[in-house]
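One structure is given below, encoded as structure tokens.
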Amino acid sequence: MGAERYIPPHRRRFFAGLWRRKDITCCFGDGGAGTLAGSVSDEEKITRLLIFENSHPGYPNELLVKSNLGLVFDVDLDELRKQEIPVYAEEEDLFRFVGFWRIVSVRKLPAGCEELMEHMRVKWDQRLGVGKGERTAQQWRDSLGVDWAVVGIEKVCDGMDPVKKWLYGSDRNV
């Protein structure tokens, strides 16, 4: 039985394919802090999706999104369907690459509508546990006072993790 190679603790997350948000931002540029991030050079291109833990009750089929909605509302759905977008899912404050996905549908949830209220209830029950915590009135107003979108997604392929490629490969402009 051969000895395993020692990996210092501060480097272990790289070998596990776990990234900080800072790593992802360095790779793709600062196209927004939310689930959807846009390209710095192309306002209609989505560069990556971040799946925040306990924030998307419909994941892996649907995402509940409130930031950067112009990336999905101001672009033709046929164009969105052509984009293969790298997706990173949160695991204990780090993110793991889960493949390339495409957007297959977009549905607007207007501020304050009944469907949005139901999505928020499910989201917070999932996040806090049913009956195990309550949001403040201000938190409800902040969430329900803006438009949201339900974005349908489907996996295209696994592929090479763009952050890993950026960090270790020759292409530093993924």
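Table for the structure above
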{"read-out": "Strands (runs of 3 or more DSSP E) wholly inside the range 1-111 containing at least 3 residues that are among the aromatic types (Phe, Trp, Tyr) and modelled with pLDDT of 90 or more", "value": "94-109"}
{"read-out": "Meets criteria (among the hydroxyl-bearing types (Ser, Thr, Tyr) and closer than 19 Å to residue 16 by Cβ) for residue 59", "value": "no"}
{"read-out": "Single condition residue 81 does not satisfy, out of (1) more than 21 Å from residue 30 (Cα to Cα); (2) touching a helix residue (DSSP H, G or I) at 6+ places or on another chain (Cβ under 7 Å)", "value": "(2)"}
{"read-out": "Subset of the range 15-43 that is of a type in the set (Phe, Trp, Tyr) and either touching a Cys at 6+ places or on another chain (Cβ under 7 Å) or surrounded by 15 or more Cβ atoms within 10 Å (Cβ to Cβ) (or both) - its residue that is nearest to residue 80 (Cα to Cα)", "value": "28"}
{"read-out": "Single unsatisfied condition, residue 114 versus (1) among the charged types (D, E, K, R); (2) in contact with an Asp or Glu (Cβ under 7 Å, 6 or more places away or on another chain); (3) loosely packed, with under 14 Cβ neighbours inside 10 Å", "value": "(2)"}
{"read-out": "Restricting the range 44-69 to residues that are free of Cβ contacts under 8 Å to residues at least 40 places away in the same chain and in contact with a Gly (Cβ under 7 Å, 6 or more places away or on another chain), the residue that is least open to solvent (accessible area, probe 1.4 Å)", "value": "47"}
{"read-out": "Any hit, the range 91-106, residues being crowded, with 17+ Cβ neighbours inside 10 Å and free of Cβ contacts under 8 Å to residues at least 40 places away in the same chain", "value": "no"}
{"read-out": "Condition met for residue 154 (at pLDDT 90 or above and assigned to a helix (DSSP H, G or I))", "value": "no"}
{"read-out": "Enumeration of residues in the range 135-151 that are modelled with pLDDT under 95, in contact with a helix residue (DSSP H, G or I) (Cβ under 8 Å, 6 or more places away or on another chain) and of a type outside the set (Gly, Ala, Ser)", "value": "135, 140, 144"}
{"read-out": "Meets criteria (buried (at least 17 other Cβ atoms within 10 Å of the Cβ) and closer than 24 Å to residue 25 by Cβ) for residue 109", "value": "no"}
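The values are calculated or read from the model by the stated rules, or taken from the named source; none is laboratory data. Owing to the predicted nature of the structure, the values given are computational and were not obtained by experimental measurement. Glycine also receives a Cβ, built like all others from the backbone with ideal geometry; neighbour counts cover every protein chain displayed. The area values use the complete protein model at the heavy-atom level, side chains included, leaving out ligands, DNA and RNA. Shrake-Rupley method; radii C 1.70, N 1.55, O 1.52, S 1.80 Å.
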